[in-house]
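Since the structure comes first, as C-alpha cells, the remarks are kept for the end.
The values are calculated or read from the model by the stated rules, or taken from the named source; none is laboratory data. Just so you know, these numbers come straight off a predicted model, no measurement behind them. Reconstructed Cβ throughout: ideal geometry from the backbone, glycine too, with neighbour counts over all protein chains shown.
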Amino acid sequence: MSSQTTGRSEKANPSAGSSTAVLETERHERQQSAAVEEDRDTLLKLLKQMVLIRRFEEKCAESYSLGKIGGFCHLYIGQEAVGVGAISAIRQDDYVVTSYREHGQAIAKGISANAIMAELYGKAGGCSHGKGGSMHLFDKDVNFLGGHAIVGGQIPLATGLAFAAKYQETDKVALCFFGEAAVNQGAFHESLNMAQLWKLPCIYICENNQYGMGTSLARAMSLQNVAEKAYAYEMTSEFVDGMDVLAMRQATQRAVKRAREESQPTLLEARTYRYMGHSMSDPGNYRTRAEIEKYQERDPIKIFTASLKEQNIISDQDISNFEAQVKEEVDGAVRFAEESPEPDPSELYTDIYSNPLA
Amino acid sequence: MAVMTMRDALNQALKEELARDQSVFLMGEEVAEYQGAYKVTRGLLEEFGPKRVIDTPITELGFAGLGVGAAMAGLRPIIEFMTFNFSILATDQIINSAAKMLYMSGGQFKIPIVFRGPGGSAYQVSSQHSQALESWFAYFPGLKVVMPSTPADAKGLLKSAIRDDDPVIFIEQERMYGMKGEVPEDEDFTIPLGVAEVKREGTDATIIARSLMVPAALKAAETLEAEGVSCEVIDPRTIRPLDINTIVESVKKTNRAVIVEESHPFCGVGAEISAEINERAFDYLDAPVKRVSGVDAPMPYAKNLERLAIPGFDQIVAAVREVSYL
C-alpha cells in the first residue's frame, strides 16, 4: 500500500534510503489488487498513453539531435506513470499546471501530439503558436495551463487556480506537478501554507526523480521525504510509487475526492526516475549506468504491461496493434510539425498586451 | 466633485470596482481586518466580506503568484503590496508569470491583474523602505505601469487599471496619501491608461514630472512664471505605455526639456524619456535635455541626508534656469 498521512496524525513515510525496496513491495501489492478494479478500456488507455509519451519523447530526442527542435528540451522518459496516472483521475475541466518537463503531461491532458510537436518545432501550428517552445506548452481548451520554466514558479499559479475554482463556486480542482528540487524553493512552502490555510482544492504532485539537474536529493535536501513536509502545514500527504500508473491514479483519485468534496489540498510525493539527462544537453556524468539500469528494471511501462498480460487483460496482439497506432501518431506529429508554417514575422509583436492601448 | 485625499479617492475606486464586478477581489497583507496599513482599504471588508477582501500571510511571492493563477481562471485580482519595496520578493511572479503569460501561451491566457501599493520615498524609513521601483517594472513588455499625482487621477486611473485586461503595476506615492484634491464622484469616471496630461500650459520649457514630483514641478513653474519663464508641466501618468507624443509635441513647442523624478538616475525612466526626446526632437532642442533625479545612493535615515537625497522645488527651478541659460 502507498502510505497515507493526514497532517501530523500519522507518520508512515519510508525513509529515503530504503525507498527502492519499499517501492518494490508497495507496487506489487497495489497493482495486484488494483488492476481488477478498473475496466479494460481504462487499463488499455493508461498503457497506450504511456507508450505514446515514451515514443513521442524518443522522437523528440531524435529531432533534437537533427536540429529540428531548439533550445532546452527536457524529456519525460521513465516518469510516464506519474503524469498519466494522475491526470487520468481528473476531468477535462480541471486544471493542470506544471514545469518545463511537460510534454507527457500535455499529452495526457489531451493536447494533440501534432500541436505539441509543432510547438517544439517552433511552428505556427504549435499549441502556443510557436512562441512558447518545449517549456511553455498551453492549451486553454483542455485546461492545460503551461509549462513554466522557473523552478517552482507554477506552484503559486496552481494555488491561484484552486482559489479561483473555490471563489467561482465550481467543483474544479487544480493539479500541480513539480520536481523535488522545486520543494527547496520558497514558492512551494508559501503555496502549501496558503492552500491549507484557505482550504483550496489543489493537488500538489512532487515528481521526485531524485536529481535536480545534476544534484542528487541527498546533496540538496535536509529532510528527503517530501511527503513529510506536508506535516508543517497540517496537509494530508501520500507517498506514492511513481513507477506504478495505477498507484498514481488511485492516490490522485483520493486526493481529488478530498479536493472536490471537502475542498482540501493534498501533497503527493511520487518517487520516480528519469532515464535521460536533465535536458538534451546533459551527459549525465553524475550517476552511473548501473543506477539507471536498476530503475529500468522497474520501468513503468514494462511492469504495467507484464501485470496486464499476467492477468490476461491484454495480449501480445493488442500490444503490437497499439504500438503501430502510436508509431503512426508520432510519425504523423512530425509530418504535421514539418509542414506547419513558421509564425508570421508580425507575430513578434502580437499578444504582448491583450489591450495594447496604442 | 468632492474634495478628498488621495487615500480616500483610491478607496472609492476600489469600492466602486468591487461593487461593479464580482470577479474583482482584493488580497494583501492587512487589507481586511486591520483596514489597510495605510487605510486605503478602510471599510472594504465590512462592505464586501472576507471572500472578496482577503488578509494574507506575509508571503509576497506566494500571493502574487496566487493572483496570477486566479487571473488565468478568469478572476480580476487586485494584489496589494503593503509597500512596493516588498514586491521585490514577488518579482518572479510579476515578471516571469504575469508579464509573459499572454505572449508565451500564444495569446491564450490574458492576466487582468492589478499590483498596487505605495512606493517611492517615505519619511525616514531608510534604504529598504524608501525607493522608487518603476523603472524595474516599466522595463518589461507585458506590464503596464501607472503612477498618479492627484486624487482625481488616482481614482480614475485605478478604475481603468482594474478594468484593464493586462497586468498593471499601480504605484501610489506614500507621501501623497494625505494630499487633497477635487475628485469626480461619478461611478463611470475613469481616466484612460497611456494618456499623459498637460498639468500646466507654457511656452518656454517643458517639465516632465510624475508622482511626487508633479506638485513640486507645478510650484517651480509658478515661481519661474514670475521670473518670466513660462513652463509647461506634463505628467505622463502611465509610464508604460508611455505617451511620448504629448511630451515630444510639447518639447517641439518649448525647445527645452527638464525631466524630474525621485528615482535613481541610472537606467531610470528619465533616461528613457531623455533618449526618446533626443531621437524624436533633437533638432528642436535649444539646450541639452536635463534630468533632475534622486541621488545615486541608497536612501539614508538621517533627516538632513534624506532631504538631500530627494529632488524638489530648488533643483527643478535651477534646472529650468540652466536649460534656459539664465
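For this structure, a couple of remarks:
- The single residue among A:Val97, A:Val173 that is more than 9 Å from every other protein chain (Cβ to nearest Cβ) and β-branched (Val, Ile, Thr) turns out to be A:Val173.
- Residue within region B:18-26 that is part of a strand (DSSP E or B) and buried (at least 22 other Cβ atoms within 10 Å of the Cβ) present: yes
- For A:Tyr64: the one exception among (1) under 16 Å from A:Ala333 (Cα atoms); (2) touching a strand residue (DSSP E or B) at 6+ places or on another chain (Cβ under 9 Å): (2)
- Some residue of region B:129-144 being within 16 Å of the chain's Cα centre (by Cα), buried (at least 24 other Cβ atoms within 10 Å of the Cβ) and among the acidic types (Asp, Glu): yes
- Lone qualifier among A:Leu137, A:Leu66, A:Leu52, A:Leu120 - being free of Cβ contacts under 8 Å to residues at least 24 places away in the same chain, more than 22 Å from A:Gln210 (Cβ to Cβ) and aliphatic (A, V, I, L, M): A:Leu66
- In region B:213-223, the condition of being surrounded by 18 or more Cβ atoms within 10 Å (Cβ to Cβ) and in a loop (DSSP other than H, G, I, E, B) is met by no residue.
- Qualifying residue in region A:238-248 (condition: part of a loop (DSSP other than H, G, I, E, B), buried (at least 22 other Cβ atoms within 10 Å of the Cβ), acidic (Asp, Glu) and touching a helix residue (DSSP H, G or I) at 6+ places or on another chain (Cβ under 6 Å)): yes
- Residue pairs whose Cβ atoms lie under 7 Å apart, sitting 6 or more positions apart in sequence or on different chains, and linking a residue in region A:146-160 that is more than 7 Å from chain B (Cβ to nearest Cβ) to a partner that is charged (D, E, K, R), are A:Gly147/A:Glu102.
- Note on region B:93-120: residues that are part of a loop (DSSP other than H, G, I, E, B), within 13 Å of A:His148 (Cα to Cα) and at the interface with chain A (Cβ under 7 Å from one of its Cβ atoms) amount to 1.
- Taken together, the residues in region A:116-131 that are more than 7 Å from chain B (Cβ to nearest Cβ), out of contact with any Lys or Arg (no Cβ under 7 Å at 6 or more places or on another chain) and either under 15 Å from A:Gly70 (Cβ atoms) or buried (at least 23 other Cβ atoms within 10 Å of the Cβ) (or both) amount to 9.
- Number of positions in region A:73-89 that are under 20 Å from A:Gln154 (Cα atoms) and out of contact with any helix residue (DSSP H, G or I) (no Cβ under 6 Å at 6 or more places or on another chain): 2
- Single residue of region A:176-200 satisfying the filter (away from every other protein chain (no Cβ under 12 Å) and either more than 22 Å from A:Glu262 (Cα to Cα) or crowded, with 24+ Cβ neighbours inside 10 Å (or both)) that is farthest from the chain's Cα centre (by Cα): A:Asn184
- Count of region A:166-187 residues, restricted to those that are assigned to a helix (DSSP H, G or I), under 24 Å from A:Ala106 (Cβ atoms) and either out of contact with any helix residue (DSSP H, G or I) (no Cβ under 7 Å at 6 or more places or on another chain) or of a type in the set (A, V, I, L, M, F, W, C) (or both), is 4.
- Scan of region B:71-92 for residues that are closer than 22 Å to B:Gln128 by Cβ, touching a Lys or Arg at 6+ places or on another chain (Cβ under 8 Å) and either away from chain A (no Cβ under 13 Å) or assigned to a helix (DSSP H, G or I) (or both), ordered by number: B:Glu80, B:Phe81
- Among the residues making up region A:161-186, those that are hydrophobic (A, V, I, L, M, F, W, C) and either without any contact (Cβ under 8 Å) to a residue 40 or more places away in the chain or more than 27 Å from A:Met117 (Cβ to Cβ) (or both) are A:Ala162, A:Phe163, A:Ala164, A:Ala165, A:Val173, A:Ala181, A:Val183.
- Verdict on A:Ser134 being at pLDDT 95 or above, facing chain B (nearest Cβ under 9 Å) and farther than 22 Å from A:Leu200 by Cβ: no
- Among (1) more than 23 Å from A:Tyr100 (Cβ to Cβ); (2) in contact with a Lys or Arg (Cβ under 6 Å, 6 or more places away or on another chain), the one test that A:Val330 misses: (1)
- Test: B:Leu157 is under 22 Å from B:Val260 (Cβ atoms), within 14 Å of chain A (Cβ to nearest Cβ), part of a loop (DSSP other than H, G, I, E, B) and of a type in the set (A, V, I, L, M, F, W, C): no
- The set of residues in region B:160-180 that are surrounded by 20 or more Cβ atoms within 10 Å (Cβ to Cβ), outside any helix (DSSP H, G or I) and either within 14 Å of chain A (Cβ to nearest Cβ) or not acidic (Asp, Glu) (or both) comprises B:Asp164, B:Asp166, B:Pro167, B:Val168, B:Ile169, B:Phe170, B:Ile171, B:Gln173.
- Residue within region B:44-60 that is touching a residue at least 40 places away in the same chain (Cβ under 8 Å), within 13 Å of another protein chain (Cβ to nearest Cβ) and in a loop (DSSP other than H, G, I, E, B) present: no
- Among the residues here, A:Gly85 does not qualify as under 28 Å from A:Ile203 (Cβ atoms) and more than 14 Å from the chain's Cα centre (by Cα).
- Number of the exception - A:Ile150 against (1) touching an Asp or Glu at 6+ places or on another chain (Cβ under 7 Å); (2) aliphatic (A, V, I, L, M); (3) within 16 Å of B:Gly67 (Cβ to Cβ): (3)
- Condition met for B:Val68 (facing chain A (nearest Cβ under 8 Å) and either closer than 17 Å to B:Lys144 by Cβ or touching a residue at least 60 places away in the same chain (Cβ under 8 Å) (or both)): yes
- Residue within region A:268-282 that is in a helix (DSSP H, G or I) and either surrounded by 24 or more Cβ atoms within 10 Å (Cβ to Cβ) or at pLDDT 95 or above (or both) present: no
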